[in-house]
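> First, the structure itself, so that you have it in front of you.
The values are calculated or read from the model by the stated rules, or taken from the named source; none is laboratory data. This structure is a prediction, so every number in the text was calculated from the model and none was measured. Please note: Cβ atoms are built from the backbone with ideal geometry, for glycine as well, and neighbour counts cover all protein chains shown. Calculation scope for accessible area: heavy atoms of the full protein, side chains included, ligands and nucleic acids excluded. Shrake-Rupley method; radii C 1.70, N 1.55, O 1.52, S 1.80 Å.
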Amino acid sequence: GSVRLSVVGMLEALGYKGLLPAHRIDKPVSGVLCLARNKKAISRLQRCIKRRKVNKTYLARTKGRPHASGEKITAPLGTIMDDRGRQIAKVMDDGKASGTVIRDTLRTHKDGTSTVVVELLSGRYHQIRCHLNYAGWPIANDAVYGGTAEPTKELYTGPLAREMLEQHRLEHCHTCEYYRRVLEGTNLPPRLDPTIWLHSWRYEFPSLDLKFEAPLPQWALPEDDDMA
């Protein structure tokens, strides 16, 4: 089940078989994820990542606006278990060397949050989330690291979901049967954890002449009265 629900598993279901991920991305984070079609290609990508010959640029929407562009956060990071049994990142003296740079402020939104451009100099667990919170500008809706969580959402159960189930339902499929009961009202719909305002925007491999960029997420787009 966990394999089928992974990005690789979902792509395989769409017909893209044998893809190999070059790196990981946090489940609530959107944007670029680099994959390769064969072992030779994945080896080249991972070698660049290991040797830090890759430029990784993210977008984050933070509480407030950082004071200046180019600020570098170098607090060493380790991991601990929180009171809910989740592994989280924490700044600690004996942690691993880590570097995050706030390159620029893309725009300031009318709710007081800011979309900032962040460059990763290392690839520690939950690095951006922890470093931004440590610096005083947590991702606004990341409750694990100083933000305020958005409400969870229920699975969509409207007419389109019913139509899709009717068209694609398989005999003896436990998942199909579960969603049939949800749509009939016998089972309560599951609640979906919200994403956070963190987006893997660009991955560049200069030595391989490769550059990947994801479109801006909805939360980073300009709104009326926003300031650039």
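> Among the residues of the range 76-133, count how many are hydrophobic (A, V, I, L, M, F, W, C) and in contact with a Pro (Cβ under 8 Å, 6 or more places away or on another chain).
6
> Go through (1) assigned to a helix (DSSP H, G or I); (2) open to solvent by 80 Å² or more (accessible area, probe 1.4 Å); (3) over 22 Å from S98 (Cα atoms) one by one and return the number of the condition R84 breaks.
Status for R84: all satisfied but (1).
> Scan the range 165-182 and give yes if some residue there is aliphatic (A, V, I, L, M) and within 20 Å of T62 (Cα to Cα), otherwise no.
Checked against the condition, which is being aliphatic (A, V, I, L, M) and within 20 Å of T62 (Cα to Cα), the range 165-182 yields no hits at all.
> So, one more: For the range 142-157, indicate whether the set of residues that are assigned to a helix (DSSP H, G or I) and in contact (Cβ under 8 Å) with a residue 24 or more places away in the chain is non-empty.
Yes.
> Follow-up question, since we're still on this one. Which pairs turn up if I take residues in the range 161-186 that are free of Cβ contacts under 8 Å to residues at least 12 places away in the same chain and look for partners that are aliphatic (A, V, I, L, M) with beta carbon separation below 9 Å, at least 6 apart in sequence or on another chain?
C176/L165; C176/L170
> Which of the residues belonging to the range 156-211 are open to solvent by 80 Å² or more (accessible area, probe 1.4 Å) and of a type in the set (D, E)?
E163, E166, E171, E184, D193, D209
> Of the residues A75, A68, only one is aliphatic (A, V, I, L, M), at pLDDT below 95 and part of a loop (DSSP other than H, G, I, E, B); which?
A68
> Looking only at the range 88-140, filter to residues that are of a type in the set (K, R) and more than 15 Å from A220 (Cβ to Cβ); which one of those is most open to solvent (accessible area, probe 1.4 Å)?
K96
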